[in-house]
Amino acid sequence: MSLAALLLLSDGRFPAGGHAHSGGAEAAVKAGRIHDSASMAAFLTGRLHTSGLTAAGLAAAAAGGQGHAELDEAADARTPAPALRATSRRLGRQLLRAARAAWPHPDLDRLAAAHPRGAHQPVVLGVAARAAGLTPADAAAVAAYESVNGPATACVRLLGLDPYEVAAALARLGPQLDAVAEAALEAASHHDVDRLPAASAPLLDLYAEQHHSWKVRLFAS
């Protein structure tokens with residue numbers, strides 16, 4: 001049952017809203033930083049080791065039972081761009097709604113009551129993983145995977161990249177995905193919010209603010 005839950009939670013078709021977001025890829029494409037499969041792979045690598053690592057740490061800590069209020073504050077502090085904070089909470093609301101339907105659990109109800117405007121997405125992800133019977137390691141792996149899968153899928157739509165090449169790029173990231181998830185899990189095992197990853201990605205922050213100001217865009221972020 002846990003394996004099935006893991007697959008469902010990491011499935012891009014799970015109705016958590018992620019398909020509508022490019023994770024900064026749309027702005028990077030417009031800026032010319034992503035223009036082919038190689039530049040996409042470089043972008044994904046950077047995103048994995050910064051925002052992906054940070055999200056994985058928060059998700060693992062939440063799945064391990066660390067207080068969601070403290071973790072939500074930590075997520076806020078680790079998300080300096082207002083546009084990204086709003087996006088994270090919006091995705092958190094959508095993920096929480098889907099998770100409560102899939103895996104009804106008092107922890108999810110408490111999270112919804114405590115954060116009516118939405119908790120940060122990695123925190124919700126961790127609580128949802130716990131409700132689904134998954135481990136902190138599972139939550140970290142899902143968060144790391146989400147950090148690259150969404151932008152990779154967006155690049156297929158934005159640039160018309162060969163889906164087979166994109167899938168191959170994700171497959172080559174496999175060892176790094178595992179390493180990031182392991183590092184996030186180790187940090188979360190100390191149950192100390194100050195020891196959770198806080199890797200920064202200033203260019204993603206700038207892209208998010210620029211993207212938010214666009215009147216015409218394909219993705220919500």
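The values are calculated or read from the model by the stated rules, or taken from the named source; none is laboratory data. Predicted model only: the values in this text are computed from it and were never measured. Here Cβ is always computed from backbone atoms with ideal geometry, including for glycine, and neighbour counts include all displayed protein chains. Heavy atoms of the whole protein, side chains included, go into the accessibility calculation; ligands, DNA and RNA do not. Shrake-Rupley method; radii C 1.70, N 1.55, O 1.52, S 1.80 Å.
Here are a few things to note about the model shown:
- Both radii come from the Cα set of segment 12-110: Rg as radius of gyration, Rh as Kirkwood radius; their ratio Rg/Rh reads 1.01.
- Value of relative contact order over the chain, rounded to a whole percent, pairs C-alpha under 8 Å and six or more apart: 38
- Rounded to the nearest 10 degrees, the inclination of helix 121-131 to the longest alpha-carbon principal axis of the chain is 50 degrees.
- Centre-to-centre separation between the Cα atoms of segment 78-157 and those of segment 188-219: 14 Å.
- Shape annotation for segment 131-221: C-alpha extents along the principal axes are 44, 32, 26 Å, from largest to smallest.
- Electrostatic dipole magnitude of the chain [Cβ: Lys, Arg +1; Asp, Glu -1; Cα centre; debye, to 20]: 780
- Mean separation of Cα contacts under 8 Å (6+ apart) over length of segment 55-127, as relative contact order %: 51
- Atom-type composition of the exposed protein surface of segment 32-177 places 56 percent of the accessible area on carbon and sulfur (1.4 angstrom probe).
- On full extension, the segment bounded by GLU209 and ARG85 gains 43.6 nm, given 0.36 nm per residue less the C-alpha separation.
- Entry for the chain at q = 0.09, 0.13 Å⁻¹: log10 I(q)/I(0) = -0.31, -0.67, Debye formula applied to identical alpha-carbon scatterers, no solvent contribution.
- Additional length obtainable on full extension of the chain from ASP76 to THR135, 0.36 nm per residue less Cα span: 18.9 nm
- Helix 68-77 vs. the chain, principal-axis angle (Cα, 0 to 90°, nearest 10): 30
- Between helix 202-213 and the chain there is an angle of about 80 degrees, using the helix long axis and the longest principal axis of the Cα atoms.
- Surface analysis of segment 94-194 yields an accessible area of 47 Å² per residue, using protein heavy atoms and a 1.4 Å probe.
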